[in-house]
């Protein structure tokens, strides 16, 4: 009969994934309406939330759109880049570690 004592003593240590903030940055060319569309479509914000974040971006040069795991933050950043390029806007999305 095999012994399983060693397996019982192993304690699984699960860690929360590192989270990342996705930020949108202000520029002089991207329309406010387009930014609101991005916030609703990509970040699933309500129209009121999107307008509030858009105004933060406009007034403070950048704003946090959401906090996600690395893979999701990276995907959302890429989605912004692709949609902005398709619509000929220089909108910049970046991600940074959430402390």
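The table below gives the values:
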{"read-out": "Per principal axis, descending, Cα span of region 16-58 in whole Å", "value": "37, 21, 15"}
{"read-out": "Helix 47-60 axis, angle to the chain major axis (alpha carbon atoms, nearest 10°)", "value": "80 degrees"}
{"read-out": "CD proxy at 222 nm, helix term only [per DSSP H run n ≥ 4: -39500 (n - 2.57); per residue of the chain; nearest 500]", "value": "-14500 deg cm²/dmol"}
{"read-out": "Degrees between helix 32-41 axis and first principal axis of the chain (Cα, 0 to 90, nearest 10)", "value": "30 degrees"}
{"read-out": "Nitroxide proxy distance, nm - points 7 Å out along Cα→Cβ at residue 59 and residue 97", "value": "3.1 nm"}
{"read-out": "Shape box of the chain [Cα atoms, principal axes, largest first, Å]", "value": "72, 25, 21"}
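Laboratory data are not the source of any read-out in this text; all were calculated from the coordinates shown. The model shown is predicted, which means the values in this text are computed figures rather than measured ones. No Cβ is skipped: glycine too gets one built from the backbone with ideal geometry, and neighbour counts run over all protein chains shown.
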